[in-house]
């Protein structure tokens, strides 16, 4: 089991890219990982191949499950990429994943999905919005589709892992901040990270921001993520 976990982390690191003091990470690590990318692939295959070929209730439910498992992560990644672009224009924005962003995305996904599946009016509004992008979309309300709602727990679990491991792009956010943040990775601790690893990382990050060595930050971040040091 441990070997599978290590393999997954290596694949995640490869997909998400580096994240260190020298090479700040791209703030979309929650999406650039095997699990969410597999959900997106399943969604595409199901909607573009299986539904037209076989149709049926199962393919519809499969779309709902895959979509709910990944849509909140797509939303947080898109928001932080937009925040990063605005930060480069001079705005002071935190473009790393924070618990409030993850929770907000989950609540919006829950409320939106529930409304669409229960209300014909809500379904019509969403279908009309999607038609602007797709050129045509139809959504049929179906209360039985609410059985897919537990798939949101997959998005929560994975997003939580991103925060626990130290959100990608956080180092770049800290470097851009006007004033040092007292506990830069307190959200990792709140979400269940190793307290000793977080305290070590917080202390190293604050010392680095005050003009100290960057090496202890990279070492502490690697410890928090339980993976080899970034090259």
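Name the shape class, rounded, prolate or oblate, that the alpha-carbon gyration tensor gives for the range 9-126, where a ≥ b ≥ c are the square roots of its eigenvalues, rounded holds for a/c under 1.5, and otherwise prolate holds if a/b is larger than b/c and oblate otherwise.
Oblate.
Please find the FRET efficiency linking residue 23 to residue 226, where r is the Cβ-Cβ separation and R0 is fixed at 25 Å, and quote it to the nearest 0.05. If you can, show how the numbers build up before the last one.
Numbers: r = 19 Å, r/R0 = 0.78.
Once rounded, the FRET efficiency stands at 0.80.
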Worksheet entry | Distance (nanometres) between label positions extended 7 Å along Cα→Cβ at residue 203 and residue 11 | 3.7 nm
Worksheet, complete the sentence: Among the range 75-113, those whose backbone N falls under 17 Å of a label point 7 Å along Cα→Cβ from residue 190 are 94-107
Worksheet item: Taking the simple approach of a point 7 Å from Cα along Cα-to-Cβ for both residue 215 and residue 89, what is their distance in nm?
Response: 4.1 nm
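Could you grab the relative contact order for the range 2-225? Cα pairs under 8 Å, six or more apart, rounded to a whole percent. Display every interim value, and only then the final one.
Details: 278 pairs, mean separation 46.5, N = 224.
Relative contact order comes out at 21 percent.
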Worksheet entry | Mean ellipticity per residue at 222 nm, deg cm²/dmol - from DSSP H runs of n ≥ 4 across the chain, formula -39500 (n - 2.57) | -21000 deg cm²/dmol
Response to the item:
Classified through the alpha carbon gyration tensor (a ≥ b ≥ c as square roots of its eigenvalues; rounded if a/c is under 1.5, else prolate when a/b is larger than b/c, else oblate), the range 85-201 comes out oblate
Discussion item. Counting other beta carbons within 10 Å of each residue's own, what order do 168, 8, 156 fall into, fewest first?
Written reply: 8, 156, 168
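Assuming a ≥ b ≥ c are the square roots of the Cα gyration tensor eigenvalues, decide whether the chain counts as rounded (a/c under 1.5), prolate (otherwise, with a/b larger than b/c) or oblate.
It is prolate, given that a/c is not under 1.5 and a/b is the larger ratio.
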Practice prompt. At 0.36 nm per residue, minus the direct Cα-Cα distance, what do residue 129 and residue 146 gain on full extension? Give it in nm, one decimal, please.
Written response: 4.0 nm
Discussion item. Using a Förster radius of 25 Å, what is the FRET efficiency between residue 114 and residue 49 based on their Cβ-Cβ separation? Nearest 0.05, please.
Written reply: 0.35
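Coordinate-derived values only; no laboratory data. The structure presented is a predicted model; accordingly, all values stated were derived computationally and were not measured. Here Cβ is always computed from backbone atoms with ideal geometry, including for glycine, and neighbour counts include all displayed protein chains.
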